[in-house]
Amino acid sequence: MAVFPYPKSIQLNRGEGWLQIDWQDGSSCQYPLAPLREVCPCVQCRGGHDKMGSSHLDVDLLQIPLAPSRSYDLVEILPVGNYALQPRWSDGHDTGIYTWEFLYSLCPK
Ligand SMILES: [Zn+2]
């Protein structure tokens with residue numbers, strides 16, 4: 001099993017709408033919240049989706065839909081064990097588990 005970087009620190013800026021993760025390998029990633037919600041890996045968000053079957057790595061993190069119907073405000077972000085984060089969005093959606101591996105792969109370069 002591949003070893004993925006572990007986060008050193010996680011910072012949520014609700015005012016400006018981003019989540020920042022500093023990784024132990026020294027890299028630092030700032031995730032805009034809207035695309036982060038769009039790639040929510042939970043069954044509810046992915047089920048029946050036309051991207052189903054393709055890798056979530058293909059999702060363009062900078063692609064923001066013109067008519068968003070979801071909430072992009074992050075209320076809080078909870079740790080899941082030592083392997084993932086579980087964001088709770090202001091519309092109550094909280095079933096997405098974002099593993100470190102997933103987050104690291106999404107890192108905007
Ligand atoms: Zn979801």
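Rule-based calculations on the coordinates, nothing more; no lab input. Being a predicted model, the structure only gives us computed values, none of them experimental. When we count neighbours, we look across all protein chains shown, and the Cβ atoms used for this are built from the backbone with ideal geometry, even at glycine.
Here are a few things to note about the model shown:
- Cut-off 17 Å, label 7 Å out along Cα→Cβ of TYR6, residues of region 72-91 by amide N: 79-85
- Computed from label points 7 Å out along Cα-Cβ, the spacing between CYS42 and GLN30 is 2.8 nm.
- Electrostatic tally near PRO5: other residues with Cβ closer than 13 Å to its Cβ, Lys and Arg +1, Asp and Glu -1, net -2.
- Taking the average, over residues, of other Cβ atoms within 10 Å as the packing measure, peptides 70-81, 20-31 rank 20-31, 70-81 from highest down.
- Length gained on full extension, THR99 to ARG70: 8.3 nm, using 0.36 nm per residue less the C-alpha separation.
- The length gained on full extension between ASN82 and ASP22, counted as 0.36 nm times the residue separation minus their Cα-Cα distance, comes to 20.1 nm.
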